[in-house]
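I have placed the structure first, in the form of structure tokens, so that the comments after it can refer back to it.
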Amino acid sequence: MFSKPQTKGASAPIETSQARKLAVASLVAEGVSLRGDFTTEGDLHLDGAVEGDVRVSQLTIGETGVVTGSILADSVEIRGRVAGTICARQVRLWATAHVDGDISHTELAIEAGAHFEGRSLALTPAKPAALEALTVVAAE
């Protein structure tokens with residue numbers, strides 16, 4: 001009476017939320033301050049402050065976010081403030097960004113209105129391999 005008719009042939013199993021791993025970014029909220037190095041294999045959304053080095057896969061710094069220290073990441077988007085060096089494949093400075101320090105990059109985009117005081121150092125094809133090695137060492 002309440003049974004569902006069986007279909008012939010095997011269907012693909014449906015993925016459950018437990019079976020798939022979702023990439024969820026870590027969050028440092030506005031008003032939160034961390035002192036010391038921050039390292040994760042995942043992503044970080046920063047609206048608070050970090051005083052120390054940051055090593056992540058993808059870093060998003062919100063308008064209220066502040067990093068005082070070096071950044072090593074695959075991708076960095078900055079809407080807030082950074083005082084220190086940045087080494088990443090992709091770097092984007094939004095109009096509200098304020099960066100004091102050198103940026104080593106493969107791709108760099110700077111919106112009108114962003115403040116950048118430092119050197120822009122383009123990574124050559126050999127240097128991304130060095131960046132990869134640094135990322136592996138940082139993860140250990």
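The values are calculated or read from the model by the stated rules, or taken from the named source; none is laboratory data. Here the structure is a predicted model, which is why all the values come from computation and not from measurement. Virtual Cβ from ideal backbone geometry, glycine too; neighbours counted across all protein chains shown.
The single condition from (1) of a type in the set (A, V, I, L, M, F, W, C); (2) under 24 Å from Glu41 (Cα atoms); (3) at pLDDT 95 or above; (4) more than 19 Å from the chain's Cα centre (by Cα) that Ala126 fails is (3).
Just to be sure, is Thr68 in contact with a strand residue (DSSP E or B) (Cβ under 9 Å, 6 or more places away or on another chain), touching a residue at least 24 places away in the same chain (Cβ under 8 Å) and more than 23 Å from Thr124 (Cβ to Cβ)? Reasoning before the result, please.
Working: in contact with a strand residue (DSSP E or B) (Cβ under 9 Å, 6 or more places away or on another chain): yes; touching a residue at least 24 places away in the same chain (Cβ under 8 Å): no; more than 23 Å from Thr124 (Cβ to Cβ): yes.
Answer is no for this residue.
Taking the stretch 2-61 as the range and being aliphatic (A, V, I, L, M) and modelled with pLDDT of 90 or more as the test, the residues that pass are Val32, Leu34, Leu44, Leu46, Ala49, Val50, Val54, Val56, Leu59, Ile61. Scanning the stretch 71-94 for residues that are touching a residue at least 40 places away in the same chain (Cβ under 8 Å) and surrounded by fewer than 22 Cβ atoms within 10 Å (Cβ to Cβ) yields Leu72, Asp74, Arg89. Residues in the stretch 33-67 that are surrounded by 16 or more Cβ atoms within 10 Å (Cβ to Cβ) and of a type in the set (S, T, N, Q) were compared, and the one that is farthest from Arg89 (Cα to Cα) is Thr64.
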